[in-house]
């Protein structure tokens, strides 16, 4: 009898958790994303033409995980009303992160190495469509910059899983190899894109490597 009650309780809890996760997924599906035109698709890789986009951007030094967490905390304050007009701004996806510089360590023989534990990172929140540089409220935190990204073409690799350095590095290398086989030239560093909150089960998380490519 006790065993049956325990099994019943486990099933009820599982159903509650499943329902909460499904509802969260529906809510996330309603979050706006930057507009783009799908140019082509090859397996998990897409070529997209992105429209011009406004972003809120902050720079951080340190490890990848610490930078994106700090960026989220500060810029979520901006869209929640920490701005000159106390205006709330709709949440958009994805949050992106780009390594803008690296701190190198000396190795024997005069060589250097670069790791995600010592880097400069740019963390970006996408702004909703309908705003312009003149109508978007200025951030209360002066460390936040509002930047207009031009229209651009990018190669995008979508994947699931944990937000670990190894997972991002594996898929970055995979996309880099794909670009070489297609004779496409990447521009700058790729963006790591986060579409889901940290409480989303890792096997359902939508992650992307977004790498701008040259049109020449």
Problem - Cα shape, segment 34-212, gyration tensor, a/c 1.5 rule - result: oblate
Practice task
Compute the FRET efficiency between residue 49 and residue 90 as 1/(1 + (r/R0)^6), taking r as their Cβ-Cβ distance and R0 = 30 Å, and round to the nearest 0.05.
Solution key: 0.80
Handout entry: Near-label residues of segment 196-216 by backbone N, under 17 Å of a point 7 Å along Cα→Cβ of residue 40
Key = 211-216
Problem - Ranked by how many other beta carbons lie within 10 Å on average, peptides 136-148, 64-76 from highest - result: 64-76, 136-148
Practice task
At 7 Å along the Cα-to-beta-carbon direction for both residue 70 and residue 199, put a label point, then send me their distance in nm to one decimal.
Solution key: 2.6 nm
Completion exercise
Taking alpha-carbon centroids only, segment 48-92 lies from segment 159-216 a number of Å equal to 19 Å
Completion exercise
With R₀ set to 25 angstrom, the calculated FRET efficiency between the beta-carbons of residue 187 and residue 148, to the nearest 0.05, is 0.90
Problem - Per-peptide average of other Cβ atoms within 10 Å, ordering 149-156, 90-97 highest first - result: 90-97, 149-156
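Every number in this text was worked out from the coordinates using simple rules, so none of it is lab data. This structure is a prediction, so every number in the text was calculated from the model and none was measured. Here the Cβ is made from the backbone with ideal geometry for all residues, glycine too, and neighbour counts use every protein chain on show.
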